[in-house]
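The values are calculated or read from the model by the stated rules, or taken from the named source; none is laboratory data. Note that the coordinates shown come from a computational prediction; the quantities given were computed from them, not determined experimentally. Here Cβ is always computed from backbone atoms with ideal geometry, including for glycine, and neighbour counts include all displayed protein chains. Each accessible area value is taken on the protein alone, full model and side chains, heavy atoms only, with ligands, DNA and RNA left out. Shrake-Rupley method; radii C 1.70, N 1.55, O 1.52, S 1.80 Å.
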Amino acid sequence: MWRGLWTLAAQAARGPRRLCTRRSSGAAAPGSGATIFALSSGQGRCGIAVIRTSGPSSGHALRILTAARDLPPARHASLRLLSDPCSGEPLDRALVLWFPGPRSFTGEDCVEFHVHGGPAVVSGVLQALGSVPGLRPAEAGEFTRRAFANGKLNLTEVEGLADLIHAETEAQRRQALRQLDGELGHLCRGWAETLTKALAHVEAYIDFGEDDNLEEGVLEQGGSTWWGRKTPISPQRLPSLSLFACLLSPTADIEVRALEVALGAHLRDARRGQRLRSGAHVVVTGPPNAGKSSLVNLLSRKPVSIVSPEPGTTRDVLETPVDLAGFPVLLSDTAGLREGVGPVEQEGVRRARERLEQADLILAMLDASDLASPSSCNFLATVVASVGARSPSDSSQRLLLVLNKSDLLSPEGPGPRPDLPPHLLLSCLTGEGLDGLLEALRKELAAVCGDPSTGSPLLTRARHQHHLQGCLDALSHYKPSKDLALAAEALRVARGHLTRLTGGGGTEEILDIIFRDFCVGK
């Protein structure tokens with residue numbers, strides 16, 4: 001009985017085959033026997049440039065360029081004179097590192113040439129490598145693709161590496177590093193193991209249901225749970241009982257239920273990870289002359305918007321990407337909200353209201369010295385009150401009320417306003433109150449984007465959300481099913497989505513989209 005059960009568990013654990021298996025040292029990536037080379041460091045003049053190769057001819061190329069009979073010690077930097085293999089002309093004196101596969105980034109034999117970063121030196125070494133038989137220039141992302149194909153990275157780790165290369169803020173760096181370290185992949189593999197256990201029991205009954213010994217064993221193990229309570233089950237009652245009460249052990253049943261809850265929680269938070277990767281949308285809004293453009297210039301540390309005492313200066317949406325408290329933000333300056341005096345300003349106000357609906361975080365600005373004006377009262381009633389009245393479950397929008405021009409107030413502060421919501425005082429002119437605003441922004445953006453240094457791994461791409469939603473949808477057909485074959489298929493589909501999330505069974509088109517964002521030398 002147990003031999004058949006463990007065989008099924010092992011088959012389910014293997015899942016869809018990867019694009020290729022791990023290869024020994026000297027093997028080329030799938031579909032290519034070539035050794036690739038490229039400049040891996042940035043373009044332009046620099047102190048040191050790194051040129052790397054990967055493939056079966058890496059060692060041969062190193063010997064040719066250094067005129068050495070033996071390769072240097074593995075993973076140790078060695079000083080060598082590089083020469084042109086055709087003319088014998090010296091190119092540079094460089095540090096070379098030899099990484100025999102599979103203990104390398106790509107899993108293949110690799111070489112790194114650390115040369116002086118002048119354009120002539122880099123060009124000369126690249127041309128010398130191109131003259132070695134069996135070597136060709138690498139395509140964009142080809143080094144990382146070979147690492148994926150050889151099992152060095154799974155697909156979520158590849159995406160984490162891409163995000164780390166493109167990270168512009170501290171929060172993006174933290175999140176990308178966690179994903180590169182495999183946290184999301186480990187989480188998905190744990191979920192897949194849960195489904196593998198459940199699938200093994202169902203498949204065992206389908207394939208060996210005629211075996212009386214197996215049936216008794218399954219019933220002994222699974223009969224202890226009946227929707228969460230202990231109930232003895234006899235073979236005569238089997239057709240009338242819930243399928244999963246008979247087949248799943250209490251632990252497996254509880255784990256599958258917990259998996260559904262975990263998937264739902266991660267899907268509810270999926271938008272946060274995508275905001276962290278692409279940037280949260282922060283919209284500055286308020287009546288005319290409240291200081292919106294001044295605040296945008298202050299936060300972006302550059303003159304993005306024209307500042308003028310004339311009302312209605314800003315008539316269109318002005319956007320700029322900024323790093324706010326370590327989080328990526330698309331900051332929008334909008335027209336002052338009022339009844340437009342002309343068709344151009346009316347269009348600007350319409351666009352401002354449209355952008356307000358799309359905001360993740362609203363910076364609502366008022367003139368602290370003019371809170372009693374009709375425009376301020378109308379803004380508080382229509383914008384601030386309406387957003388504040390929404391429950392967190394109804395909308396993910398958040399709002400910070402900022403009272404600008406605090407330098408014009410008396411020492412007692414703004415006049416008494418019992419209906420005034422919680423707010424921050426700021427002077428864009430003097431900068432007083434800016435530190436408090438930045439700290440409040442940090443807390444709000446951590447809620448909007450998620451804190452990358454704590455909690456579960458975030459879903460940073462629509463692909464992640466698609467596969468987790470597909471897994472959850474498949475599990476929704478699992479328990480209601482009265483047919484063993486349909487139940488097993490639901491588990492297989494659910495597990496297949498988790499497998500594809502980390503790279504198993506992926507199509508070439510999906511892989512092309514992921515790897516095209518890499519530079520040539522990565």
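At a glance:
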quantity	calculated
Å² of accessible area per residue within segment 82-153, as computed with a 1.4 Å probe and no ligands counted	39
Where trypsin sites (Lys or Arg not before Pro) fall in DSSP loop in segment 41-85, at most 16 other Cβ within 10 Å	Arg45, Arg69, Arg75
Protection proxy ranking of 137-144, 96-103, 148-155 - average other beta-carbon atoms within 10 Å, highest first	148-155, 137-144, 96-103
Burial ranking of peptide ranges 300-308, 423-431 (average Cβ count within 10 Å, highest at the top)	423-431, 300-308
Angstrom value of the Kirkwood radius, inverse mean 1/r, which spans all Cα pairs in segment 76-164	14.7
Heavy-atom SASA rank of Thr454, Thr313 (probe 1.4 Å, accessible area, largest first)	Thr454, Thr313
Where His186, His114 fall by accessible area, highest first, once all protein chains stay in place (1.4 Å)	His186, His114
For segment 60-213, projected area of the alpha-carbon convex hull averaged over all directions, nm²	14.9
Potential lengthening between Asp269 and Gln358 on full extension [0.36 nm per residue; Cα-Cα distance subtracted]	30.3 nm
Segment 153-200 and segment 251-280: distance between their alpha carbon centers, rounded to Å	13
Burial order of peptide ranges 350-363, 254-267 (average beta-carbon count within 10 Å, highest first)	350-363, 254-267
Debye, to nearest 20: dipole size of segment 61-172, +1 on Lys, Arg Cβ, -1 on Asp, Glu Cβ	540
Segment Ser278-Leu486, length gained on full extension (0.36 nm per residue, minus Cα span)	70.9 nm
FRET efficiency estimate (nearest 0.05) - Cβ-Cβ, Leu371 to Ile306, R0 30 angstrom	0.75
Debye log10 I(q)/I(0) at q = 0.11, 0.12, 0.22, 0.29 Å⁻¹ for segment 41-107, Cα point scatterers	-0.28, -0.33, -1.07, -1.40
Hull shadow area, averaged, segment 246-387 [alpha-carbon convex hull, nm²]	12.6
Label-to-label distance, nm, for residues given as Ala258 and Ala77 (7 Å Cα→Cβ offset)	4.7
Förster radius 25 Å - calculated FRET efficiency between Asp181 and Asp473, Cβ distance, rounded to 0.05	0.30
Whole-angstrom gap from segment 72-101 to segment 125-151, using each part's C-alpha centre	17
Extension gain, Arg136 back to Ile206 (0.36 nm per residue minus Cα-Cα distance, nm)	20.0 nm
